[in-house]
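> Pasting in a structure now, in structure tokens, and then I'll have a few things to ask.
The values are calculated or read from the model by the stated rules, or taken from the named source; none is laboratory data. Not measured: the values here are computed from a predicted model. Because the Cβ atoms are built from the backbone with ideal geometry, glycine has one as well, and the counts that use them run over all protein chains shown.
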Amino acid sequence: MASMPSFQSRKQEEFKEEFLTCPICAESYDDSKHKAKCLPCLHSFCASCLQRYIKERKSFACPKCRQTVQLETEGDLSSLPNNFIVENLKEYHDIFNLCVPCGNCDDGENAVSFCHDCVCFVCQGCVDMHQKMRSLRGHSLSTMTELREKKCNPMSLCQQRCEKHPKQEMTLYCQDESCKVPVCPTCAHVEHRGHDLVYIEVTVEKTTEELQGAAGKVRAQLEELTLIKTAIKQAQSRLMLSFRQKETEMQGTVEELHRMIDLRKEEACTKMDDLFKNEEKRLEEYEKSVDMLSFQMSSACEYTESSCSINHHVQLLDSSRHIMQRLQELQSTPLPMAEIESKEFVVSEKHVVAMGQFQDSIKNLCDLTLVVSKSPTSESFSSPDVEFPPPPKINFATYEEGSKSNSNESSVEVPPQTKTPSSEKTKKLSGKNTKKPPAKKVVNEPPQPAVDTDQCTITLDPNPWRGKPCKAEVTTVNSDNKPIPRGGAKVQASLKWAKSQMGGLPCPVVDHDNGTYTITYTPLLYGDNELAVYINDTSMEGSPFIVIAGQENS
């Protein structure tokens, strides 16, 4: 062998375990039961393990890479080649450890030298015999130490000898399609006469170049696979980052909703408590007035009955006018029945609408999907044959397009959201229209006025507060920039938090029938909110508008 691994850089046990043992049974390879067999995928296992593994099958999967292996005959491993690399490594390992048996005698002693003329290992007794016998005295001997220092394996020299003519080396190679084997000069002259013969060195050099060229192409593909694996790791990292960001965002949104609900609960309880106390106080005052009037009437009746029951006619006649006057006064006093109406707490229609909007928002809160990230920072790997897609990105699904929410003023359809920010609170619209969503056909729908959304204007509430209703006035104009004197335009609006991926909540719109429309919106979160406005299914220029909501007591 031209080159062998260095045993000084690796412990012998580790070398033996890695190269000279079967990965299934962990037994050392040998020349019989545990002979190393090489599969088409170039993975090696001992014949015993493979025989138990395949049983009587004609095909099986490699225990390492799962590639399918086809046999010529069911359960027959003879068609699989032996792993000559393992055999040579084993021979080199035996030489290094001085455990090669003598091949010249039957004493069973380990060899101490190699005879290049006899082409075999010899023990110390055979070495002494070479020195005594004249016919053997001229043979060339090399000790095991010399063999190790030269880093060559004399057993490979044995393999280069012809089995039919042991004294001759196989220096030629038959290139005929029916042969393709190394031969010695005698075999070439007898069995391969007239065949295409070349020196074995030429064939080895050519074969080595072909194998190394093919291995270079595979190694290039391996480098591409390494890049693909790196891209997969990056995609996994970005997916995890997107997951953590959305998880944090959703957690923050839920916590904010909890905080807002608790705040509204406190406000509602306080309002209900105030209403209850005021009404209770009013009823208590009525009860006191009724008790006082009842006491006065009862006292007057008792006094009258007492006066009539006493036989003092003169005194009775003298006080009768005073008693009658008091009884007439009490008789003419109106009873407080009209002020004692039955009252109860009633949930307004706005509350019902808000509950429906809130339920839709809660449903959309967990409506997630995976989309391909289109950000400039997304990295992708591409090769001549493979296109590796960028990693998926987690987004919150937008509010379902076309869903409706009822209110006291009108029925509002939720428009799709755009992503063009605007920092002006009051701006005149100019520029091109955005893409129009598909309009829905409505039976007997009145004709809509021709509105030029490029020139329409909107006036936002100058002091928006979180949780407080705000107003936005929209004025529609035609293509001549003249106000439209009538209503009927389809004005839609929705409001959402600027940092949220959720769809916006619909906002009520009032048509004043004079070309102006009032949008009522309530910022749910303080900070930047986005108000999206559509007229006749066309987004207003600059929509969504930024609404910076303040927070009370801040």
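> Out of segment 184-197, which residues are touching a helix residue (DSSP H, G or I) at 6+ places or on another chain (Cβ under 9 Å) and either surrounded by fewer than 17 Cβ atoms within 10 Å (Cβ to Cβ) or closer than 12 Å to C162 by Cβ (or both)?
Of everything in segment 184-197, just one residue is touching a helix residue (DSSP H, G or I) at 6+ places or on another chain (Cβ under 9 Å) and either surrounded by fewer than 17 Cβ atoms within 10 Å (Cβ to Cβ) or closer than 12 Å to C162 by Cβ (or both), namely H195.
> Here is a follow-up. Determine the pairs where a residue that is within 14 Å of E74 (Cα to Cα), located within segment 45-61, has a partner that is of a type in the set (G, A, S) with Cβ atoms under 8 Å apart, the partner being 6 or more residues away or on another chain.
So the pair list comes out as Q51/G75; I54/G75; K55/G75; E56/G75; R57/G75; K58/G75.
> Could you tell me whether segment 437-448 includes any residue that is modelled with pLDDT of 80 or more and under 30 Å from T253 (Cβ atoms)?
no
> Still on this structure, I have one more. Could you figure out which of (1) modelled with pLDDT of 90 or more; (2) surrounded by 18 or more Cβ atoms within 10 Å (Cβ to Cβ) isn't true of G503?
Just one mismatch for G503, condition (1).
> While we're here: Out of contact with any Pro (no Cβ under 8 Å at 6 or more places or on another chain) and modelled with pLDDT of 90 or more: is that true of I519 in this structure?
When the stated conditions are applied, I519 does not pass them.
> Right, next: Among the listed residues M260, M292, M297, which satisfies the condition of being part of a helix (DSSP H, G or I) and either exposed (fewer than 10 other Cβ atoms within 10 Å of the Cβ) or without any contact (Cβ under 8 Å) to a residue 24 or more places away in the chain (or both)?
Selected residue: M292, the only one of M260, M292, M297 that is part of a helix (DSSP H, G or I) and either exposed (fewer than 10 other Cβ atoms within 10 Å of the Cβ) or without any contact (Cβ under 8 Å) to a residue 24 or more places away in the chain (or both).
> When you scan segment 303-349, how many residues do you find that are of a type in the set (K, R) and either in contact (Cβ under 8 Å) with a residue 40 or more places away in the chain or surrounded by 10 or more Cβ atoms within 10 Å (Cβ to Cβ) (or both)?
Qualifying residue count, segment 303-349: 2.
Yes/no matrix, rows are residues, columns are (1) in contact with a helix residue (DSSP H, G or I) (Cβ under 9 Å, 6 or more places away or on another chain); (2) modelled with pLDDT of 85 or more:
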residue	(1), (2)
R486	no, yes
L524	yes, no
G527	no, no
E541	no, yes
V547	no, yes
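> Within segment 271-294, is even one residue of a type in the set (D, E), assigned by TED's automatic domain parsing to the domain that holds F358 and either in contact with a strand residue (DSSP E or B) (Cβ under 6 Å, 6 or more places away or on another chain) or closer than 28 Å to Q551 by Cα (or both)?
yes
> Return a yes/no flag: does segment 239-252 have any residue that is exposed (fewer than 13 other Cβ atoms within 10 Å of the Cβ), modelled with pLDDT of 90 or more and in a helix (DSSP H, G or I).
yes
> Could you list all residues from segment 498-533 that are in contact (Cβ under 8 Å) with a residue 40 or more places away in the chain and either at positive phi or aromatic (F, W, Y) (or both)?
G515, Y517, Y521, Y526 - these are the residues of segment 498-533 that are in contact (Cβ under 8 Å) with a residue 40 or more places away in the chain and either at positive phi or aromatic (F, W, Y) (or both).
> Please pick out the residue among A214, A188 that is farther than 30 Å from S113 by Cα, in contact with a Leu (Cβ under 6 Å, 6 or more places away or on another chain) and not assigned by TED's automatic domain parsing to the domain that holds N110.
When all the criteria are applied, what remains is A188.
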